[in-house]
1. Determine whether D175 is over 29 Å from K30 (Cβ atoms), modelled with pLDDT of 95 or more and of a type outside the set (S, T, Y).
2. Does T116 satisfy the criteria of being closer than 24 Å to F162 by Cβ and modelled with pLDDT under 95?
3. Within the set of pairs 6+ apart or on separate chains, which have a first residue in the range 104-128 that is touching a residue at least 40 places away in the same chain (Cβ under 8 Å) and closer than 19 Å to N67 by Cβ, a second that is surrounded by fewer than 22 Cβ atoms within 10 Å (Cβ to Cβ) and among the β-branched types (V, I, T), and C-beta atoms under 6 Å apart?
4. Can you tell me which of (1) out of contact with any helix residue (DSSP H, G or I) (no Cβ under 8 Å at 6 or more places or on another chain); (2) part of a loop (DSSP other than H, G, I, E, B); (3) not β-branched (V, I, T) is the one S80 doesn't meet?
5. Can you find a residue in the range 153-165 that is within 28 Å of A77 (Cβ to Cβ) and either surrounded by fewer than 18 Cβ atoms within 10 Å (Cβ to Cβ) or over 15 Å from the mean Cα position of the chain (by Cα) (or both)?
6. Could you count how many residues in the range 151-190 are part of a strand (DSSP E or B) and of a type in the set (F, W, Y)?
7. Mind listing whichever residues of the range 177-199 are surrounded by 14 or more Cβ atoms within 10 Å (Cβ to Cβ), of a type in the set (A, V, I, L, M, F, W, C) and over 15 Å from Y66 (Cβ atoms)?
8. Testing I59 on (1) over 23 Å from P188 (Cα atoms); (2) under 15 Å from the mean Cα position of the chain (by Cα), one condition comes back false. Which one is that?
Amino acid sequence: MNSSELARWNAELRQQSPLDIVRWAIAQAKGRALVSTNFRPYEAAILHVAVQAQPDIPILWVDHGYNRTATYKHAEALRSRLGLNLKPYLPRLTAAHRDAIHGPLPTLEDEAGLKTFSAQMKLEPFQRGMKELAPTVWITALRKVQNPNRAGLDIVSSDENFGALKVSPFFYFSDAEMDAYLERHQLPNEWDYFDPAKADEKRECGLHAAWGKKAVNS
């Protein structure tokens, strides 16, 4: 794909509903679409539209072992309610093993530690999952308002880290619009979520940033 194609697709999809965008994405994938999730706040929306468009679509989830109890319960509730074809990928180290060797979770002031944690516990299993599932289209819950890096993306983008067409159907939705979507479809939300690979919501864990591609092997 080239920049003109991306621009045309984004212009055409800008006024489409998330469900129509997902249907478009699946049509481009030729049977090789997947959705990634971490069960953070508002993730129920992307999972809801995805299974409407393709009930058996693979759902890639990196369970790094540090999720809070509420997040695990939320994941199981959505798996049951939506019939998710969940594909969990776990790090090669358990959380207990990682803590014993490397100590407490890195803080926001420890950028090098955060990147090391992300590489070990999140990026490696995610890269393994993407390699095994080999999608041509990767459907995400990215939104423009989430952090400054994502504001430079769009509904459709070319992902250099994984060689896939990345599609974000809710990209232009505000929090209020997401709240309304969940309420309209009576979907649960999860506010106790915490990502130790970020330590702060304005950071990137590497999945959607250029440095993530090299982090695992660095």
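1. yes
2. In short, yes.
3. That search, which allows pairs on different chains as well, returns A119/V216; L123/V216; E124/V216.
4. (2)
5. no
6. 0
7. M178, L182, L187, listed by residue number.
8. All conditions are met except number (1).
The values are calculated or read from the model by the stated rules, or taken from the named source; none is laboratory data. The shown structure was predicted, so the numbers you read here are calculated from the model rather than taken from an experiment. Here the Cβ is made from the backbone with ideal geometry for all residues, glycine too, and neighbour counts use every protein chain on show.
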